[in-house]
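The values are calculated or read from the model by the stated rules, or taken from the named source; none is laboratory data. Here the structure is a predicted model, which means the values were calculated and not measured. Here the Cβ positions follow ideal geometry from the backbone for every residue, glycine too, while neighbour counts run over all protein chains shown.
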Amino acid sequence: MPHLPPPPDADRLPWRAGIGLKPQHFGEVLATRPDIGFFEVHAENYMVDGGPFPQALERVREHYALSLHGVGLSIGGAGPLDERHLDRLAALIDRYQPASFSEHLAWSSHGGVFLHDLLPVPYDRATLGRVCDHVDRVQERLQRRILLENPSTYLEFEASTMSETAFLREVLQRTGCGLLLDVNNVHVSCTNHGRDATAYLRDLPLGEVGEVHLAGFARDQGADGAPLLIDSHGSPVDEAVWDLYAQVVGKLGAVPTLLERDNDVPALSALLAEAGRAERLMQQRAAPRRCGLYWGGA
């Protein structure tokens with residue numbers, strides 16, 4: 001399909017930090033109007049006709065930019081996309097007019113059964129073609145450029161014939177979609193597979209990044225005794241992830257940055273404090289943003 005252009009500047013997320021909007025914070029957000037760049041919500045939590053969640057989101061949307069983050073399209077799935085789910089997503093986007101929509105390079109359903117997880121895919125030519133077809137269909141139906149998120153992974157497939165970064169580059173090039181760079185996922189996956197996170201970032205087309213995610217992880221241990229990190233979203237951002245983020249903004253420039261917290265959600269003030277740290281890093285380290293930038297670009 002023809003590549004969809006990125007939205008005009010007025011419709012993009014602000015180049016600031018944002019946080020996930022949680023129901024326990026609805027009242028405080030609406031009462032205090034915190035100085036924050038944007039809010040993000042999981043799309044599937046708002047696919048209902050009425051009730052307190054949609055009503056609160058409508059009120060928040062009056063004052064803040066909104067990012068919708070999908071967890072249920074199963075873009076990496078072996079079967080066709082769920083067109084009913086895609087229709088509900090299109091209606092949601094029409095209702096709230098978000099500045100951004102993103103999804104995962106993962107699969108989460110099979111044969112009509114939803115597995116409530118984001119599962120990895122093999123990086124081979126067959127999967128590449130299927131993922132590109134799915135991204136094309138989503139962008140065609142939504143009539144907008146979407147962002148695709150790099151995954152957190154705990155295993156790798158022997159069937160893979162290319163690296164994760166090469167796979168992502170191909171998808172972005174073929175479909176024209178953008179990249180949601182989850183820096184925590186980079187650290188988690190590279191640690192789990194014994195790879196260099198800086199080298200991973202060096203191999204990505206940073207000019208295609210439309211949003212960055214930062215989150216916390218949990219520490220565990222694999223059967224071989226090696227460290228195993230779990231993308232838990234249940235703790236503050238780790239210092240190793242902050243260090244990677246500082247490198248990213250030093251090369252990329254200011255970029256919409258979400259602080260994710262989905263488990264053990266703290267007070268709103270704690271989330272705002274982490275967002276403030278991200279904004280300070282952007283102000284201190286950010287180089288001018290350049291299109292088509294790779295890590296070593298001129």
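Some notes on this structure:
- Selection status of Ser189, among the small types (Gly, Ala, Ser), surrounded by 21 or more Cβ atoms within 10 Å (Cβ to Cβ) and within 30 Å of Glu239 (Cβ to Cβ): yes
- Residues satisfying the stated conditions in the stretch 267-284, i.e. loosely packed, with under 14 Cβ neighbours inside 10 Å and not small (Gly, Ala, Ser): Arg280, Gln283, Gln284
- In a residue-by-residue description of the stretch 43-66, the property of being within 22 Å of Cys132 (Cα to Cα) and in contact (Cβ under 8 Å) with a residue 12 or more places away in the chain applies to at least one position.
- Residue check for Gly210: under 30 Å from Leu66 (Cβ atoms), surrounded by fewer than 20 Cβ atoms within 10 Å (Cβ to Cβ) and either among the acidic types (Asp, Glu) or modelled with pLDDT of 90 or more (or both): no
- For Thr165, the criteria (1) within 18 Å of Val249 (Cβ to Cβ); (2) out of contact with any strand residue (DSSP E or B) (no Cβ under 7 Å at 6 or more places or on another chain) hold in every case but one, which is (1).
- Some residue of the stretch 77-85 being in contact with a Phe, Trp or Tyr (Cβ under 7 Å, 6 or more places away or on another chain), part of a loop (DSSP other than H, G, I, E, B) and modelled with pLDDT of 90 or more: no
- Asp196 free of Cβ contacts under 8 Å to residues at least 24 places away in the same chain, closer than 23 Å to Gly72 by Cβ and more than 15 Å from the chain's Cα centre (by Cα): no
- Among the conditions (1) touching a Pro at 6+ places or on another chain (Cβ under 8 Å); (2) on the phi > 0 side of the Ramachandran plot, the only one that Gly210 does not satisfy is (2).
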